[in-house]
Amino acid sequence: MSDPVIGRRALLRGAGGLAALAALPSLSACGTGTSRATSGGAKGGKAVVVRDSGGSYGEALQKAIYTPFTQETGINVQVVNLQGTQMLAQIKQGRPQFDLINNSMMDHFKFGAQDALEKLDLDRIKSLKSARIPHDQIADHAVGNSFYGQCMAYRTDAFGGRKPQSWADFWDTKAFKGSRSMCNPDADLPELEFALLADGVPMDKLYPLDLDRAFKVLTRLRSDIKKFWDSGPLPGVLLSRQEVTMSTVWDGRIADLEKQGVPVARQLNGMRRQFQGYAIAKGAAHVDAAYQLMDYALRPEVQAALAKAFPSNPSSPVAYEKLTAEERNALAGAPQYYDKGFDLDIDWWLKNEAAVTKRWLEWARG
């Protein structure tokens, strides 16, 4: 088994997360980040600056949301890719160089706790009602627009035609032979919930997580974990190269491999859902335009357009009705799959992330 790569983000989580990031002198206190693109076709001087994570997701946002928004409203969309420490530093200085933030709901809760976000006036977001956004994804400072699911993926040619059905099967290396891969905190939160599900804990009884029990179950699998993945594409690479027969994975990462003919599939039983959402930076220069872009992006037809451009799961149940059966069934958020998974308990993780990550690092190093 290879040693896990322990990166900077994991160490920071173990040291207290965002507060530790903000204290690091090596990061510019006024970093402007990278401006990726602007939407063409705007008339006049109206503009809004949105932060997103870039990459293929950013390209999909540009195609499905930013460009058509500019065409409809005349408001130019400028995009920056900033890390949390940079955003927080700018907001604390009263000079954020961005207005709308596209980020995880968990990060929005962290920012909200530090008075870094505007309290939302929900009456200004008309699409909340038409999109039927779930109430548990509407917070004082943020609204969920999509989710990604963390689930298992496996090689379909590895087990003589048998298909793993549960996390107990992921842990059963006698019936389902081969090495495993699980995530490093550089990529996502430690996967303690999966260990507890493998040990028989019901999905609706997971929280508060029993840490001693979870790490005991993780230890049973430790020698079979070939690598802890630290980036979204890596599980697919490991499966494609047959270095592992099963891996945890972000659900959208498997579709492309299947299209390429790689014998892989995902199992959504016990999937952990984490929501992405929108918030407005405290002190934003273009608050009105930020509300308009948020309202536009949450429309069910726009969420559906994004799902066609990127394997993101809309928060709006109406959005799924605007997809073909094939498009809908490819998404982990489709109605027939939804009850197979559970929502990450943000409150629990906010209180325990630093301690759990520190313990995970010590456990992974043996």
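Structural remarks
- Matching residues in the stretch 285-299 - criterion: being touching a residue at least 12 places away in the same chain (Cβ under 8 Å) and either more than 19 Å from Met105 (Cβ to Cβ) or not in a helix (DSSP H, G or I) (or both): Ala285, His286, Val287, Ala289, Gln292, Tyr296, Leu298, Arg299
- Residue pairs whose Cβ atoms lie under 7 Å apart, sitting 6 or more positions apart in sequence or on different chains, and linking a residue in the stretch 111-126 that is within 21 Å of Gly94 (Cβ to Cβ) to a partner that is of a type in the set (Asp, Glu) and open to solvent by 60 Å² or more (accessible area, probe 1.4 Å), are Gly112/Asp140; Lys119/Asp140; Leu120/Asp140.
- Residues satisfying the stated conditions in the stretch 64-77, i.e. touching a Lys or Arg at 6+ places or on another chain (Cβ under 9 Å) and not in a helix (DSSP H, G or I): Gly74, Ile75, Asn76
- The one condition in (1) open to solvent by less than 20 Å² (accessible area, probe 1.4 Å); (2) modelled with pLDDT under 95 that Arg95 fails to fulfil: (1)
- Set Lys282, Lys322: member being within 30 Å of Asp99 (Cβ to Cβ), touching a helix residue (DSSP H, G or I) at 6+ places or on another chain (Cβ under 6 Å), open to solvent by 40 Å² or more (accessible area, probe 1.4 Å) and free of Cβ contacts under 8 Å to residues at least 24 places away in the same chain: Lys322
- Any helices (runs of 4 or more DSSP H) falling wholly within the stretch 301-364 and containing at least 2 residues that are more than 20 Å from Ala131 (Cα to Cα) and modelled with pLDDT of 95 or more: 346-364
- Taking the criterion of being touching a helix residue (DSSP H, G or I) at 6+ places or on another chain (Cβ under 7 Å) and open to solvent by 30 Å² or more (accessible area, probe 1.4 Å), the only residue of the stretch 59-71 that qualifies is Lys63.
- The set of residues from the stretch 285-307 being among the hydrophobic types (A, V, I, L, M, F, W, C) and open to solvent by less than 20 Å² (accessible area, probe 1.4 Å) comprises Ala289, Ala290, Leu293, Met294, Ala297, Leu298, Val302, Ala304, Leu306, Ala307.
- Only a single item in (1) open to solvent by less than 50 Å² (accessible area, probe 1.4 Å); (2) in a helix (DSSP H, G or I) is not met by Ser56, and it is number (1).
- Residues being surrounded by fewer than 23 Cβ atoms within 10 Å (Cβ to Cβ), modelled with pLDDT of 95 or more and either over 21 Å from Ala304 (Cβ atoms) or not polar (S, T, N, Q) (or both) - total across the stretch 120-155: 15
The values are calculated or read from the model by the stated rules, or taken from the named source; none is laboratory data. No experiment lies behind these values; they were computed from the predicted model shown. When we count neighbours, we look across all protein chains shown, and the Cβ atoms used for this are built from the backbone with ideal geometry, even at glycine. Keep in mind that these areas ignore ligands, DNA and RNA; they rest on the heavy atoms of the full protein, side chains included. Shrake-Rupley method; radii C 1.70, N 1.55, O 1.52, S 1.80 Å.
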